[in-house]
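Before any comments, here is the structure.
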Amino acid sequence: MTEFPALQPHFLAPIDQAKLEVQSPSTHPPRILLLYGSLRERSFSRLLVEEAARILQVLGCETRIFDPRELPLPDATGPEHPKVQELRALSQWSEGQVWCSPERHGAISGIMKSQIDWIPLEIGSVRPTQGRTLAVMQVSGGSQSFNAVNTLRLLGRWMRMITIPNQSSVAMAYKEFGDDDRMKPSAYYDRVVDVMEELVKFTLLTRDRADYLVDRYSERKADGRIAQHVELGAAAMSHETQKPETV
């Protein structure tokens, strides 16, 4: 073990490809939680989330939209507050999430950030959101921007969520919804459909593998959990690294 003095091999296990093969896949509809970031009576982030939820339902998902009204500011009260408990329970229920924020001063809204801040960053050494899929969207009052979705991506990574590659940014959102509060046909609408399709695919791909995908050396070490097949990992680490032959 002279080559890896910082490594504790009993917490390290070789990659087990068999664990990536799902023997009994889940049969229930994918569970998607949607969050939006505005309390306006006619909130375009809410309208976009509602449109996304309709698309997700057509794609076979079960959806729930969290209403952020009456959610207290982070640390203004304890986590026993009913709205905090509701949000945390929905996050635990979900297998995937959609976050949609208006862009305010080049960033996400305070309402959006408050919801994310109330979701626990970790319980013990494990982030309770890790392994869940995430799609990010934003609405803008002016020209198209990606500041809010970029911030949401950063937060999703920090929460160790599987943020899908695609995203939606709707510019001048007030033009994109009719008097019936439904989104008009447009390239923006088509992108929302693209994003929801991708979210469902990634959720189906990962939800039965999430526990193994996020099972990490550092967390096993923090919890004192000895890795399975540790004898294989220790044996592999006990050999000196072979140098490639020179031709």
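The values are calculated or read from the model by the stated rules, or taken from the named source; none is laboratory data. In this text, all values refer to a predicted model and were calculated from it rather than measured experimentally. Glycine also receives a Cβ, built like all others from the backbone with ideal geometry; neighbour counts cover every protein chain displayed.
The set of residues from the stretch 181-227 being part of a loop (DSSP other than H, G, I, E, B), surrounded by fewer than 18 Cβ atoms within 10 Å (Cβ to Cβ) and basic (Lys, Arg) comprises ARG182, LYS184, ARG209, ARG216, ARG225.
When the stretch 148-165 is filtered for residues that are at pLDDT 95 or above and either loosely packed, with under 15 Cβ neighbours inside 10 Å or more than 17 Å from VAL98 (Cβ to Cβ) (or both), the ones remaining, listed by number, are LEU154, PRO165. The set of residues from the stretch 41-93 being among the hydrophobic types (A, V, I, L, M, F, W, C), more than 17 Å from ALA135 (Cβ to Cβ) and not in a helix (DSSP H, G or I) comprises LEU71, LEU73, ALA76.
Given VAL58, VAL49, VAL98, which one is modelled with pLDDT of 95 or more, over 19 Å from the mean Cα position of the chain (by Cα), under 25 Å from ASP180 (Cβ atoms) and hydrophobic (A, V, I, L, M, F, W, C)? Of the residues listed, the single one that is modelled with pLDDT of 95 or more, over 19 Å from the mean Cα position of the chain (by Cα), under 25 Å from ASP180 (Cβ atoms) and hydrophobic (A, V, I, L, M, F, W, C) is VAL58. Among the residues making up the stretch 108-145, those that are modelled with pLDDT under 95, more than 18 Å from LEU213 (Cβ to Cβ) and in contact with an Asp or Glu (Cβ under 6 Å, 6 or more places away or on another chain) are SER140, SER145.
Listed here are the residues, each with its yes/no results for (1) in contact with a His (Cβ under 6 Å, 6 or more places away or on another chain); (2) of a type outside the set (Gly, Ala, Ser); (3) closer than 20 Å to GLN130 by Cβ.
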{"residue": "MET159", "(1), (2), (3)": "no, yes, yes"}
{"residue": "ILE162", "(1), (2), (3)": "no, yes, yes"}
{"residue": "SER168", "(1), (2), (3)": "no, no, no"}
{"residue": "ALA171", "(1), (2), (3)": "no, no, no"}
{"residue": "LYS175", "(1), (2), (3)": "no, yes, no"}
{"residue": "ASP180", "(1), (2), (3)": "no, yes, no"}
{"residue": "MET183", "(1), (2), (3)": "no, yes, no"}
{"residue": "TYR189", "(1), (2), (3)": "no, yes, no"}
{"residue": "VAL195", "(1), (2), (3)": "no, yes, no"}
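Condition test on PRO165, is it outside any helix (DSSP H, G or I) and under 23 Å from LYS201 (Cβ atoms)? Answer is yes for this residue.
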